[in-house]
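Scroll down for the structure; my scribbles are underneath it.
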Amino acid sequence: MTYNFGISRLDELIGDIGGGTNIMVIGPPMSGKDDIINIVAYHGLIDNNAAVIVSTREPGTNVLEWFGHHDTNIPMDHIGIVDCVTRTLGFGAPDTENIKMASSPVDLTGIGVKISQFFEHFWMDLQLRKTRLCINSLSTILMYSNLPTVFRFLHVFTGRIKAANALGVYVIEDGMHDDKTIVTLKQLFDGMIEIREGEAGYQIRAVGLTPKPTPWFDYEIDGVNIILRG
Amino acid sequence: MIETGIPKLDDYLLGGIPEGKSLVYYIYPGVEGNVFGMQTMYHTVSNGRYGVYVASSTDPRMIREQFDEFGWNTDECGDRFIIVDAFSGLIGADSRERYVVSDPEDVNDLTQCIKQAMEDLDGPGVVVFESLSTIMDLCGESETLDAIEEWNQYAMLYDHAMVYNFTAWPYSEDTLLHIKEDICNSAISVGGISERVIFGQYFGILKADWMDVPRKCVLFKIVRPGGIRVYIPKILVTGPFNAGKSTFVHALSNRAVSVDRLGTTIALDHGHIDYRGFTADIFGTPGQERFDPIVKLLSGEAMGVFLVLDSTNAADFVRGKRMLEITMSFGLPIVIIANKQDLQGALTPEEIRKKLSMPTNVPIMPAIATNRDGVFEAFETLVDMVMEVD
Ligand SMILES: Nc1nc2c(ncn2[C@@H]2O[C@H](COP(=O)(O)OP(=O)(O)OP(=O)(O)O)[C@@H](O)[C@H]2O)c(=O)[nH]1
Ligand SMILES: [Mg+2]
């Protein structure tokens, strides 16, 4: 059971990623991490994977629209979104087929329940054997809960990713957290996608998934594709 | 006693939680166990008692909506449903609740509010914690453990019952052990059956210091509206041709489908039962001998069996007994349905017992499936037998 990011040049360099892998995506604000994480989910969806997306900054409906907007042919019933935003805005929105509402980003217990319910649904009801979990972002969660709390939560869920042979992808804002936080969290991940600001825009590379980090690539986001240069 | 309102659990606890005692729902992460505390809260309040709900990770307005999702209207409970708001302070929001913890990260602040609420209650009630683990995350492990002891002692003074939802994140071993074994009078584990993913949920009693603990483990489901239901994944209904199996399945079920041709079942009946705190899936077999291979296929993993007999058709009783063999039901809880009691010449259950030479520990119950007469009594009997199995 293997996965690819759907980022062509990087995929070639990395080769197949084994099931049960947990990866941190770290980069500065405005570098397109939302798109990147959605694209990683998208490339799973077109390969008959399920996608569970925990959204802490965008309401679930917006995330769903992103997918509908970019490709009307993807199996929407393979998408599960845990929305941590809508209810904090004071809307009593009910759960839908695709979107389950968490009370708030503080409510890690509730978020964990919703993730597990989507996992069960995709595995048991839809018989999908490959699932991608995208948490966007850990930085918001860290604003509401302290590091040990978030560490415990991730400890459990990176473990569940392993048990389910799934792929976990977790977004972190670069520059928002102290070194201790990053170092602590890194222990939980098998590798990283790093983004930095280069001279002519943003650059991307993968770390920990190959013996040496891949080179830095300039990149551009075009719809559901990430085009690498250099 | 303060009942938990969780089906079966109150029986096992000999009525519920004695006043002044504490109970923790010890929840495996990812299992929707917080509903246990909610159900205990609502059950208590709707029985005319007082309930205090300590909200630590959800806006109080949302909490009322969460109760609503289960069909539990908190407005109807008036001022017996009290919220201690230990959430709003966290995100700097205003609160309309009477008890507000201004700094939810300060355990003393929280303690003060909780004590005040306990004092103000007009009689014994229940104090339910939405999420003890969130409090622990915010206030620290040892601070929270100390506070729990203080709260529990205070509750004893006022005869309130304390109920904690606790999600067992990987805290220190000591903390987890303390919560599971020491700090409360009773602990209920709320677990997940997992392999790759969590696909089933159960509860069982870990500890209750006022009684001998029964070693029971109960599967459950959460339904909206409704709440926690004891779940029986498979009940089998078998019996001779034309005995009334399909009719019986439909009589018991909230919804059911049958695969029939010309009035006889050729594949199966499948129904879903939701009755008095129990939910079950029920499968009816065909009766004709030529379908015996299908009967065999259908009968694996049943937790209990109904054998439906046409009480006017003694000639088929042997076939009925034979079907218990085909379905390998011996050893499982079995209830025999003496169906069609409305017809002339129907034998009584005792006459049927003689003819079948059935031992007395197999109940034989009269029924008229077409009128639903006796079907729920039979269901309750079988469920009781299933729950007795260890
Ligand atoms: N009078 C009376 N008729 C009944 C009763 N229960 C079932 N019947 C009738 O008995 C006939 C057979 O009922 P079914 O429920 O189809 O029986 P079955 O056991 O599923 O039959 P097969 O699937 O063909 O083996 C139908 O005409 C029913 O209406 C009852 O309690 N009283
Ligand atoms: Mg039938």
Do any residues in the stretch B:356-369 that are more than 14 Å from every other protein chain (Cβ to nearest Cβ) have Cβ atoms under 7 Å from those of residues that are more than 16 Å from ligand 1 (Cβ to nearest atom) and of a type in the set (A, V, I, L, M), where the two are at least six apart or on different chains, and which pairs are they?
B:362/B:334; B:364/B:358
Can you tell me which condition residue A:5 does not meet? The list is (1) crowded, with 22+ Cβ neighbours inside 10 Å; (2) farther than 17 Å from residue A:122 by Cβ; (3) in contact with a Cys (Cβ under 9 Å, 6 or more places away or on another chain), and all the others hold.
(3)
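Where residues in the stretch A:133-158 are farther than 23 Å from residue A:29 by Cα and either touching a residue at least 40 places away in the same chain (Cβ under 8 Å) or more than 9 Å from chain B (Cβ to nearest Cβ) (or both), which of them is farthest from the chain's Cα centre (by Cα)?
First, pick out the residues of the stretch A:133-158 that are farther than 23 Å from residue A:29 by Cα: A:148-149, A:152-153, A:155-158.
Remaining after also requiring either touching a residue at least 40 places away in the same chain (Cβ under 8 Å) or more than 9 Å from chain B (Cβ to nearest Cβ) (or both): A:149, A:153, A:156-158.
On the way: A:149: 19, A:153: 15, A:156: 16, A:157: 13, A:158: 12 Å.
Out of the qualifying residues, it is A:149.
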Would you point out the residue of the stretch B:354-390, among those that are within 16 Å of ligand 1 (Cβ to nearest atom) and in a helix (DSSP H, G or I), that is nearest to the chain's Cα centre (by Cα)?
B:379
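With the structure loaded, tell me whether residue B:279 is away from ligand 2 (no atom under 16 Å from the Cβ), more than 30 Å from residue B:11 (Cα to Cα) and not in a helix (DSSP H, G or I) or whether it fails that test. Steps first, answer last, please.
Working: away from ligand 2 (no atom under 16 Å from the Cβ): yes; more than 30 Å from residue B:11 (Cα to Cα): no; not in a helix (DSSP H, G or I): yes.
Considered against the rule, which asks whether it is away from ligand 2 (no atom under 16 Å from the Cβ), more than 30 Å from residue B:11 (Cα to Cα) and not in a helix (DSSP H, G or I), residue B:279 comes out as no.
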Does the stretch B:26-35 include one or more residues that are more than 22 Å from residue B:88 (Cα to Cα), within 14 Å of chain A (Cβ to nearest Cβ), of a type in the set (Val, Ile, Thr) and touching a residue at least 12 places away in the same chain (Cβ under 8 Å)?
yes
Take the residues in the stretch A:91-129 that are among the aliphatic types (A, V, I, L, M) and under 19 Å from residue B:25 (Cβ atoms), then tell me which one is farthest from the other protein chains (Cβ to nearest Cβ).
A:111
Could you go through the stretch B:73-87 and let me know if any residue there is within 11 Å of another protein chain (Cβ to nearest Cβ) and without any contact (Cβ under 8 Å) to a residue 40 or more places away in the chain.
yes
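Consider the stretch B:250-273. How many of its residues are out of contact with any strand residue (DSSP E or B) (no Cβ under 7 Å at 6 or more places or on another chain) and at pLDDT 95 or above?
If we filter the stretch B:250-273 for residues that are out of contact with any strand residue (DSSP E or B) (no Cβ under 7 Å at 6 or more places or on another chain), which is where we start, we get B:251, B:261-264.
Going one step further and asking which of them are at pLDDT 95 or above, we end up with B:251.
Matching residues across the stretch B:250-273 total 1.
Could you check, for the stretch A:64-81, whether at least one of its residues is touching a His at 6+ places or on another chain (Cβ under 6 Å) and either outside any helix (DSSP H, G or I) or under 30 Å from residue B:56 (Cα atoms) (or both)? Quick ask: steps written out before the conclusion?
To start, the set of residues in the stretch A:64-81 that are touching a His at 6+ places or on another chain (Cβ under 6 Å) comprises none.
Scanning the stretch A:64-81, I find no residue that is touching a His at 6+ places or on another chain (Cβ under 6 Å) and either outside any helix (DSSP H, G or I) or under 30 Å from residue B:56 (Cα atoms) (or both), so the answer is no.
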Tell me which helices (runs of 4 or more DSSP H) are completely within the stretch A:86-167 and hold 2 or more residues being in contact with a Pro (Cβ under 9 Å, 6 or more places away or on another chain) and among the β-branched types (Val, Ile, Thr), or say none if there are none.
A:108-120, A:138-144
Quick one: count up the residues across the stretch A:103-159 that are surrounded by fewer than 22 Cβ atoms within 10 Å (Cβ to Cβ), in contact with a strand residue (DSSP E or B) (Cβ under 6 Å, 6 or more places away or on another chain) and over 21 Å from residue A:37 (Cα atoms).
3
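The values are calculated or read from the model by the stated rules, or taken from the named source; none is laboratory data. Since we're looking at a predicted model, the values are computed, not measured. A quick note on method: Cβ atoms are made from the backbone with ideal geometry, for glycine too, and the neighbour counts reach across all protein chains shown.
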